[in-house]
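A.B. asks: I'd like to ask some things about the structure below.
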Amino acid sequence: MMPYDLYLQLLDNKEAKADNEKMLNVLNSLCMASELADHKMEQTKWLRQLMDLAKKTGNAYYESQGLEAMGKRIYYEGDREQGIKYVDDAIDLISTTDREDADHMAHSYMLILNGLYAGINDYENALKTDERNVRLTREGTRWGRRPDQQQRDQRMALAKMAYSLAKLGKFNRADSAYNA
């Protein structure tokens with residue numbers, strides 16, 4: 001049995017039905033599994049259910065997950081502006097949560113946003129995202145349980161910034177960003 005089918009079965013699980021957090025987890029897992037299996041119609045259905053339940057229950061974490069996934073989906077279907085907006089909204093929303101890894105999640109979403117901007121050769125906005133990400137990795141305090149996560153994320157943010165600077169022809173700044 002495929003993971004997608006297993007998650008479908010969990011929709012009828014009494015325990016999952018009785019616990020919004022568990023149901024959000026199942027719906028989020030269905031979104032990811034349907035994306036990997038290229039079930040686009042099903043993914044849209046699960047994303048809508050995920051975002052509706054997350055909004056209804058005030059769960060900013062799962063709502064941000066839905067926004068990020070929907071943003072990527074819409075972007076690659078051709079509505080790049082709306083896709084970028086959704087991912088940017090996901091960054092803002094995850095930052096409001098009390099999760100111990102909220103800054104790491106925001107960093108991850110910013111990497112995605114950077115890639116979306118780079119995909120349309122908008123390196124000015126990619127650079128703005130990079131600068132925001134570097135600030136977060138220097139000032140943030142919620143990185144999860146991994147002791148070196150902030151440092152690892154900061155190195156990635158600096159590397160992305162160096163790439164954007166190089167694409168903009170600012171090679172001296174790119175070298176200093178990468179070697180920071």
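The values are calculated or read from the model by the stated rules, or taken from the named source; none is laboratory data. Note that this is a predicted model, so its numbers are computed, not measured. All Cβ positions, glycine included, derive from the backbone under ideal geometry; neighbour counts span all protein chains shown. Keep in mind that these areas ignore ligands, DNA and RNA; they rest on the heavy atoms of the full protein, side chains included. Shrake-Rupley method; radii C 1.70, N 1.55, O 1.52, S 1.80 Å.
A.B. asks: Go through region 126-153 and give me each residue that's polar (S, T, N, Q) and either modelled with pLDDT under 95 or open to solvent by less than 50 Å² (accessible area, probe 1.4 Å) (or both).
C.D. replies: Of everything in region 126-153, those that are polar (S, T, N, Q) and either modelled with pLDDT under 95 or open to solvent by less than 50 Å² (accessible area, probe 1.4 Å) (or both) turn out to be Thr129, Asn133, Thr137, Gln149.
A.B. asks: In region 8-38, how many are within 22 Å of Ser64 (Cβ to Cβ), of a type outside the set (A, V, I, L, M, F, W, C) and out of contact with any helix residue (DSSP H, G or I) (no Cβ under 7 Å at 6 or more places or on another chain)?
C.D. replies: Total satisfying the criteria: 3.
A.B. asks: Still on this model: Do we find that Asp52 is at pLDDT 95 or above, farther than 13 Å from Asp88 by Cα and open to solvent by 20 Å² or more (accessible area, probe 1.4 Å) in this structure?
C.D. replies: Here the answer is yes, as Asp52 does meet what is asked.
A.B. asks: Oh, and also: Looking at (1) over 30 Å from Asp148 (Cβ atoms); (2) open to solvent by 50 Å² or more (accessible area, probe 1.4 Å); (3) at pLDDT 95 or above, which is the one condition that is false for Glu100?
C.D. replies: (1)
A.B. asks: Step by step: first the residues of region 63-97, then only those that are basic (Lys, Arg) and over 11 Å from the mean Cα position of the chain (by Cα), then the one that is modelled with the lowest pLDDT. Which residue is that?
C.D. replies: Arg73
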